[in-house]
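The values are calculated or read from the model by the stated rules, or taken from the named source; none is laboratory data. The structure presented is a predicted model; accordingly, all values stated were derived computationally and were not measured. Positions of Cβ are backbone-derived with ideal geometry, glycine not excepted, and every protein chain shown enters the neighbour counts. Each accessible area value is taken on the protein alone, full model and side chains, heavy atoms only, with ligands, DNA and RNA left out. Shrake-Rupley method; radii C 1.70, N 1.55, O 1.52, S 1.80 Å.
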Amino acid sequence: MASPEIHYPRLSSGSESFGGCFNIRIEGEDSRHTLDFHEDRKSPVYNARNIPEPPPPPGKICSKSSTTHRGCGKSDTVPNETRDTWDKLFKDGYGADVHISTDNGSFIPAHYTLLRIASPILGNLLQQSKVKNGIRCINILGVPHDAVFIFIRFLYSACYEEREMKKFVLHLLVLSHSYSVPSLKRVCIRHLEQGWLSPENARDVLQLGRNCDAPRLVVVCIRMIVRNFITISSSEGWKVMRRTSPTLEQELLEYVVDADSITQ
């Protein structure tokens with residue numbers, strides 16, 4: 001079975017910059033294939049010189065329970081009992097026929113049919129995996145175990161804990177993109193835009209947004225960088241970016257010049 005390996009900036013917190021890269025890998029047996037991930041420099045978002053106003057934010061994607069602080073997916077027509085049933089199926093692991101190994105050496109039980117329907121990429125990889133004693137074993141590596149747990153749980157019930165989403169939102173954004181789960185990607189982008197994004201991390205989130213094909217998030221990050229350019233450009237993270245990605249620095253400087261010319 002082939003094993004996609006996708007390189008992203010290493011996630012960091014606070015004002016730290018991405019120091020290197022982390023890989024998300026899903027493996028069966030004897031898997032060594034590597035998939036390179038490149039930015040599309042022909043993209044209108046990449047080459048735009050004027051910073052457009054971001055489009056209106058999407059409609060409410062998830063709701064929050066006042067008693068359990070649990071967020072749920074977009075459809076409010078699904079009864080809570082149904083969501084709870086799928087959530088319980090995931091947490092109990094009853095009848096699981098898939099074991100997903102993670103970075104800490106443990107595994108998450110899951111169900112082949114559900115994963116195959118929820119994520120076409122996971123489905124293709126699971127279909128190619130070998131079955132041993134009725135169990136398909138795969139690895140999702142390169143992100144914390146808890147992030148993988150939240151990701152798989154979302155595939156079952158579209159539910160998550162708000163505090164966990166805030167803690168692992170960047171990892172979940174990468175997972176949602178890597179395994180083609182657009183509903184989770186929308187949730188992650190909404191959380192980033194509505195409170196998580198700051199001048200300290202906007203530069204890093206900008207790079208991640210490009211890698212994850214999130215153009216609206218990229219625009220929001222660029223606007224924040226332009227508005228807070230003096231503070232951001234004097235940070236250690238900017239100095240790191242100047243060494244590692246001079247093209248991006250030049251592009252952001254051009255955005256700042258364009259913004260200044262418009263205001264004059």
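Computed over protein heavy atoms with a 1.4 Å probe, the accessible surface of the range 119-264 works out to 42 Å² per residue.
Using R₀ = 51 Å, calculate the FRET efficiency as 1/(1 + (r/R₀)^6) where r is the Cβ-Cβ separation of Asn80 and Asn228; round to 0.05.
The computed FRET efficiency comes out at 0.80.
Separation of the alpha carbons by more than 32 angstrom is noted, of Lys132/Lys167; Lys130/Lys185; Lys130/Lys166; Lys88/Lys132, for Lys132/Lys167; Lys130/Lys166. Annotation: amide H of Ser101 within the under-5 Å range of Ile108, Ile138, Asn139, Ile140, sequence separation 5 or more or interchain, hydrogens built in the peptide plane. With all protein chains in place and ligands, DNA and RNA left out, the 1.4 Å accessible area ranks Phe154, Phe149 as Phe149, Phe154, largest first.
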